[in-house]
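S.K.: Starting off with a structure, shown below.
The values are calculated or read from the model by the stated rules, or taken from the named source; none is laboratory data. Everything numeric in this text was worked out from a predicted model, so none of it was measured. Here the Cβ is made from the backbone with ideal geometry for all residues, glycine too, and neighbour counts use every protein chain on show.
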Amino acid sequence: MTTTEVKPDTTAPAGAAASDRSRSEQRLGWMLAGPAFVIMLLVTAYPIAQAVYYSLFDYRLTDPENISFVGLNNYAVILTDQIWWISFGVTAFITIVTVAVELVLGFALALVMMNALKAIRPVLRAAILIPYAVITVVSAFAWQYAFSLDSGFVNSWFDWVPGVAADTDWFGGTWDSLFVICLAEIWKTTPFISLLLLAGLAQVPDVLQEAARVDGATWWQRMWKVTIPNMKAAIMVALLFRTLDAFRVFDTVFVMTNGANSTETVSFLAFRQTISRVEIGLGSAVSVLLFLSVVIISVGFIKGFKVDLSQARGE
Amino acid sequence: MTIRRARWRRALAAAVAAAALVGLAGCGGAPAGPPVLNWYINPDDGGQAEIAQRCSAASNGEYRIEVSQLPRQSSEQRQQLIRRLAANDSSIDIMSIDPPYIPEFAEAGFLAPVPEGVAQRTTQGIVNSAREGASWNGRLVTVPFWANTQLLWYRKSQVQGTGLDLSKPVTWDQVVAAAQRKNSTIAAQGIRAESLTVWLNALVESGGGQIVTNPSPDDPEGVRLGLDSPAATRAAEIMKTVSAVGGPGFSTASEDENSEAFQDGSAMFQLNWPFVWGKVNSAIEEGTVEKATADDFGWALYPQTTAGRPSAPPYGGINLGVGAFSPNVDLAYKAAECIVSTENQKYYFLSNGNPAARTSVFTDPEVVKEFPMAPVIAQSLQQAKPRPQTAYYAEVSESIQRTYHPTAGIDPATVGPATADLIRAVLAKEELL
């Protein structure tokens, strides 16, 4: 069977009347979207432009008289420093691990929410969403207390697990610390990904499922051949949002290890240069590099998934 | 439905009108009453707020002090104050500053000069370390308020039988040997935090060295470091040895964790500030700890690095700075003088457990009754040395934390020179931190 795709005609219709109408619609569109556009420019574009500008200077907040233009020197310092690459590696590790686990877990939770009995569905959804409602710093402290040596209960509950003893110091080494950081992140944001996937699941037409069932497809076959391909856009949005979020991880690391044992992330590095060292120039350059990383991830996802987001909106 | 909506609208309109009226009222004319001085304080048990009230009342309407609380960590207090002062915030009249950050504040021009008379009156009869810590480039730039120092705390029952005589000065080697003999631990600050720098500095200074030998106020690249000296190598050796008897959570242990470990008896020694005494007594009052625990607490001067050479314990505390952009500098200094009066320092010691900067307070009978270790604290404060005095202390401290943590993994022969290289590169803006 072949399908014929009819492309919408995007060219302006001929004739003065139609042109007037399109012009007035365009004007209305600008009037409606204009204020939001201006606010977006103010709150997003301006700080980014300012960071790009400052990143070209040697500027210490406590010594404003000695600002000097250094061009791209700050970027050269950062990109030739192994601290940057270690932080980048740690950030990438946290991102890949947490997003991968969250995708699987989130999908399972979305299926549970989708198929739960109507009566318990609201309660179930609320229960699953509770971790997402908890503020990240609060959840980081909760997990830190659970795993710490003096106030924690994890060691006494799980001492039957090989490698866990009463005096296991979870924040004493890189991998142990990263394990707890990832766990806290996964607990906190899996509900977010499951909510987005639930929206995607709800959009899969029932007729397709029924047709597959009539054809004798098993649950797995329906999942792989019908459900997942039809929610590609939702999966991409969920993955993209979470990846960007995970790549900017800061609070959990700040609370749990304060960057000790090589657990510093890129955001943490930006924080240290800008806020602790008050080196605005260097810190801005780290922030700009973080921003560029995020842009590259976004473009990579959109190109990699080959999803036209306008299709997801039903245009 | 429509009636309900109309009611909502009326309520909303009334609320908006009320808010607008309040806003207009706020704009009209000068505020009534005496000038308000904003005092940015570090968190405590309410002592500074009480002193603010006392001084406001004593001023007879000349000024009124209002307190605003800063974050808990001293590094975060610095960050908040610096950000505000860099924006010429005129609302900061008085601020409680941790001593190591004073050079940075002074160098950046954030502190109003201390009037000659105030400098003279507020430094009369104060401990050496407090005078040193409140000054920069040989001039007093802040007013000493209270002075802190670390003692060697020990559990009397556990020390028995180790042959250690704590009535005389002891060395780190002796303390480590005693802990090993009893198969117990020493609680020191092994966490990656500012307290690690405090520990290293005390060890280096006790051995006769200095972390920063030339502060070079104007040029960060001119800062000279003494981290490749024999004193620094010896300090690193001690850190490594102590971490071996520091218990399983040593690399994440801060002052709070250590006071807990010492209180519950799992640590035989601890190096900590005097707040641990107030803490155990509060626990006894609450009924969570038996009185015998406090009776078992012993205290001695900070251990020596080399036998016979007096130790240089850590110096801490808080000094008062007056904001350079304050419109009430004279009044702020008047208020600061009131805050640091002998009477208020005594009150603060007794109520919040923070030792005074003035020596006469330590011999006050009331203080000695409440804090039997007061004479040891006073002696410790006379011997104490401040942390590296440089306008780039934050960089120096964070570099140290990066290379010396975890202390169990350091190589005493190379860690000092490596840290010095890192600090030099960081100050030259050739490396990240």
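S.K.: Checking the conditions here, which among A:Tyr132, A:Tyr145 is among the hydroxyl-bearing types (Ser, Thr, Tyr), surrounded by fewer than 14 Cβ atoms within 10 Å (Cβ to Cβ) and assigned to a helix (DSSP H, G or I)?
M.R.: Details: A:Tyr132 fails: surrounded by fewer than 14 Cβ atoms within 10 Å (Cβ to Cβ).
A:Tyr145 is the lone residue from the list that is among the hydroxyl-bearing types (Ser, Thr, Tyr), surrounded by fewer than 14 Cβ atoms within 10 Å (Cβ to Cβ) and assigned to a helix (DSSP H, G or I).
S.K.: I've got another one for you. For the range B:316-348, give me each residue that is under 16 Å from B:Ser380 (Cα atoms) and at pLDDT 95 or above. Talk me through it step by step, then tell me what you get.
M.R.: Of the range B:316-348, the ones under 16 Å from B:Ser380 (Cα atoms) are B:316-317.
Passing the criteria: none in range.
S.K.: Got at least one residue in the range A:223-241 being in a loop (DSSP other than H, G, I, E, B), of a type in the set (D, E, K, R), away from chain B (no Cβ under 14 Å) and surrounded by fewer than 19 Cβ atoms within 10 Å (Cβ to Cβ)? Give the steps one after another, and end with the answer.
M.R.: Residues of the range A:223-241 in a loop (DSSP other than H, G, I, E, B): A:231.
Add one more test, that the residue is of a type in the set (D, E, K, R), and what stays is none.
Scanning the range A:223-241 turns up no residue that is in a loop (DSSP other than H, G, I, E, B), of a type in the set (D, E, K, R), away from chain B (no Cβ under 14 Å) and surrounded by fewer than 19 Cβ atoms within 10 Å (Cβ to Cβ).
S.K.: When you go through (1) under 28 Å from B:Val367 (Cβ atoms); (2) more than 23 Å from the chain's Cα centre (by Cα); (3) free of Cβ contacts under 8 Å to residues at least 12 places away in the same chain one by one for B:Val289, which number turns out not to apply?
M.R.: So the condition that B:Val289 fails would be (3).
S.K.: Identify all residues within the range A:184-200 that are more than 14 Å from A:Val104 (Cα to Cα) and surrounded by 18 or more Cβ atoms within 10 Å (Cβ to Cβ); write none if there are none. Steps first, answer last, please.
M.R.: Of the residues in the range A:184-200, the ones more than 14 Å from A:Val104 (Cα to Cα) are A:184-185, A:188, A:199-200.
Selection gives A:Ala184, A:Glu185, A:Lys188, A:Gly200.
S.K.: Answer yes or no: is there a residue in the range A:106-113 that is within 14 Å of another protein chain (Cβ to nearest Cβ) and among the hydrophobic types (A, V, I, L, M, F, W, C). Quick ask: steps written out before the conclusion?
M.R.: Kept after step one, since they are within 14 Å of another protein chain (Cβ to nearest Cβ), are these residues of the range A:106-113: none.
Within the range A:106-113, not a single residue is within 14 Å of another protein chain (Cβ to nearest Cβ) and among the hydrophobic types (A, V, I, L, M, F, W, C).
S.K.: Here's something else I'd like to know. If you go through the range A:105-123, how many residues are surrounded by 11 or more Cβ atoms within 10 Å (Cβ to Cβ) and either closer than 19 Å to A:Ala238 by Cβ or among the charged types (D, E, K, R) (or both)?
M.R.: 11
S.K.: Out of B:Leu81, B:Leu85, report the one residue that is surrounded by 14 or more Cβ atoms within 10 Å (Cβ to Cβ) and free of Cβ contacts under 8 Å to residues at least 60 places away in the same chain. Working first, answer last.
M.R.: Numbers: B:Leu85 fails: free of Cβ contacts under 8 Å to residues at least 60 places away in the same chain.
Answer to the check: B:Leu81.
Each row is one residue, and each column tells you yes or no for (1) surrounded by 15 or more Cβ atoms within 10 Å (Cβ to Cβ); (2) under 18 Å from A:Ile275 (Cα atoms); (3) more than 11 Å from chain B (Cβ to nearest Cβ).
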residue	(1), (2), (3)
A:Thr62	yes, yes, no
A:Val70	yes, no, no
A:Asp81	yes, no, no
A:Thr91	yes, no, yes
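S.K.: OK, next. Kindly establish whether B:Gln389 is within 18 Å of the chain's Cα centre (by Cα), touching a residue at least 24 places away in the same chain (Cβ under 8 Å) and surrounded by fewer than 21 Cβ atoms within 10 Å (Cβ to Cβ).
M.R.: Numbers: within 18 Å of the chain's Cα centre (by Cα): yes; touching a residue at least 24 places away in the same chain (Cβ under 8 Å): yes; surrounded by fewer than 21 Cβ atoms within 10 Å (Cβ to Cβ): no.
Answer is no for this residue.
S.K.: Of the residues in the range B:59-71, how many are closer than 16 Å to B:Ala49 by Cβ and either within 13 Å of another protein chain (Cβ to nearest Cβ) or outside any loop (DSSP other than H, G, I, E, B) (or both)?
M.R.: 6
S.K.: Name the residue, out of B:Val114, B:Val143, that is touching a residue at least 40 places away in the same chain (Cβ under 8 Å), over 26 Å from B:Asp219 (Cα atoms) and β-branched (Val, Ile, Thr).
M.R.: Working: B:Val114 fails: over 26 Å from B:Asp219 (Cα atoms).
The conditions single out B:Val143.
S.K.: Tell me which of these A:Trp160 doesn't satisfy, since it passes every other one: (1) within 17 Å of the chain's Cα centre (by Cα); (2) not in a helix (DSSP H, G or I).
M.R.: The single condition A:Trp160 does not satisfy is (1).
S.K.: Hey, another quick one. Is it fair to say A:Val97 is in contact (Cβ under 8 Å) with a residue 40 or more places away in the chain, more than 25 Å from A:Phe179 (Cβ to Cβ) and not small (Gly, Ala, Ser)? Don't jump to the end; show me each part of the working.
M.R.: Numbers: in contact (Cβ under 8 Å) with a residue 40 or more places away in the chain: yes; more than 25 Å from A:Phe179 (Cβ to Cβ): no; not small (Gly, Ala, Ser): yes.
No: the conditions fail for A:Val97.
S.K.: Looking at (1) more than 14 Å from chain B (Cβ to nearest Cβ); (2) under 23 Å from A:Phe171 (Cα atoms); (3) among the aliphatic types (A, V, I, L, M), which one does A:Val266 not meet, given that it meets all the others?
M.R.: Tallying (1) more than 14 Å from chain B (Cβ to nearest Cβ); (2) under 23 Å from A:Phe171 (Cα atoms); (3) among the aliphatic types (A, V, I, L, M), A:Val266 fails exactly one: (1).
S.K.: If you don't mind, there's one more thing I want to ask. Within the range A:160-204, how many residues are of a type in the set (Gly, Ala, Ser), more than 20 Å from A:Thr263 (Cβ to Cβ) and within 14 Å of another protein chain (Cβ to nearest Cβ)?
M.R.: Residues of the range A:160-204 that are of a type in the set (Gly, Ala, Ser), as a first pass: A:163, A:165-166, A:172-173, A:177, A:184, A:194, A:199-200, A:202.
If we keep only those that are more than 20 Å from A:Thr263 (Cβ to Cβ) too, we end up with A:165-166, A:194, A:199-200, A:202.
Imposing the further condition that a residue be within 14 Å of another protein chain (Cβ to nearest Cβ) reduces the set to A:165-166.
Matching residues across the range A:160-204 total 2.
S.K.: To continue, here is another question. Being without any contact (Cβ under 8 Å) to a residue 60 or more places away in the chain, of a type in the set (Val, Ile, Thr) and closer than 15 Å to A:Ile186 by Cβ is the filter here; which residues of the range A:114-156 pass it?
M.R.: A:Val134
S.K.: One residue is enough: does the range B:72-83 have a residue meeting the conditions more than 14 Å from chain A (Cβ to nearest Cβ) and small (Gly, Ala, Ser)? If you could, list the steps in order and put the result at the bottom.
M.R.: Quick first cut of the range B:72-83, residues more than 14 Å from chain A (Cβ to nearest Cβ) only: none.
So far as the range B:72-83 goes, no, none of its residues is more than 14 Å from chain A (Cβ to nearest Cβ) and small (Gly, Ala, Ser).
S.K.: Same structure, new question: Would you list the helices (runs of 4 or more DSSP H) that sit entirely within the range B:350-427 and hold 3 or more residues that are within 14 Å of chain A (Cβ to nearest Cβ) and of a type in the set (Gly, Ala, Ser)? Lay out the reasoning, then the answer.
M.R.: Values: elements: B:365-370, B:374-383, B:393-404, B:412-427.
By residue number, B:393-404.
S.K.: Mind listing just one residue for me: the one in the range B:350-370 that is within 29 Å of B:Val204 (Cα to Cα) and in contact (Cβ under 8 Å) with a residue 60 or more places away in the chain and, of those, surrounded by the fewest Cβ atoms within 10 Å (Cβ to Cβ)?
M.R.: First pass over the range B:350-370, keeping only residues within 29 Å of B:Val204 (Cα to Cα): B:353-359, B:362.
Still in the list and also in contact (Cβ under 8 Å) with a residue 60 or more places away in the chain: B:353-359.
On the way: B:Gly353: 22, B:Asn354: 25, B:Pro355: 29, B:Ala356: 31, B:Ala357: 29, B:Arg358: 25, B:Thr359: 17.
By that ranking, first place goes to B:Thr359.
S.K.: What are the residues in the range B:225-235 that are assigned to a helix (DSSP H, G or I) and surrounded by fewer than 19 Cβ atoms within 10 Å (Cβ to Cβ), if any? Talk me through it step by step, then tell me what you get.
M.R.: Applying the first criterion (assigned to a helix (DSSP H, G or I)) to the range B:225-235 yields B:230-235.
Listed by number, the list holds a single entry, B:Pro230.
S.K.: When you go through A:Val299, A:Val295, A:Val288 one by one, which is the residue that is part of a helix (DSSP H, G or I), closer than 21 Å to A:Asp251 by Cα, hydrophobic (A, V, I, L, M, F, W, C) and more than 13 Å from every other protein chain (Cβ to nearest Cβ)?
M.R.: None of the other options fit; the residue is A:Val288.
S.K.: So, A:Gly216, is that one assigned to a loop (DSSP other than H, G, I, E, B), without any contact (Cβ under 8 Å) to a residue 24 or more places away in the chain and either within 30 Å of A:Leu79 (Cβ to Cβ) or among the basic types (Lys, Arg) (or both) or not? Give the steps one after another, and end with the answer.
M.R.: Values: assigned to a loop (DSSP other than H, G, I, E, B): yes; without any contact (Cβ under 8 Å) to a residue 24 or more places away in the chain: yes; either within 30 Å of A:Leu79 (Cβ to Cβ) or among the basic types (Lys, Arg) (or both): no.
Judged against the criteria, A:Gly216 is not a match.
S.K.: While we're on this one: When the range B:51-77 is examined, which residues are found to be free of Cβ contacts under 8 Å to residues at least 12 places away in the same chain and of a type in the set (D, E, K, R)?
M.R.: Selection gives B:Glu76 alone.
S.K.: Shifting gears a bit: Among the residues in the range B:360-373, are any more than 23 Å from B:Trp136 (Cβ to Cβ) and touching a strand residue (DSSP E or B) at 6+ places or on another chain (Cβ under 6 Å)?
M.R.: As a first pass, look at the range B:360-373 and keep what is more than 23 Å from B:Trp136 (Cβ to Cβ): B:360-373.
When the remaining residues are screened for being touching a strand residue (DSSP E or B) at 6+ places or on another chain (Cβ under 6 Å), the result is B:373.
Scanning the range B:360-373 turns up at least one residue that is more than 23 Å from B:Trp136 (Cβ to Cβ) and touching a strand residue (DSSP E or B) at 6+ places or on another chain (Cβ under 6 Å).
S.K.: Are any residues in the range B:242-271 part of a helix (DSSP H, G or I), surrounded by fewer than 20 Cβ atoms within 10 Å (Cβ to Cβ) and in contact (Cβ under 8 Å) with a residue 24 or more places away in the chain, and if so, which ones?
M.R.: Correct list: B:Ala244 only.
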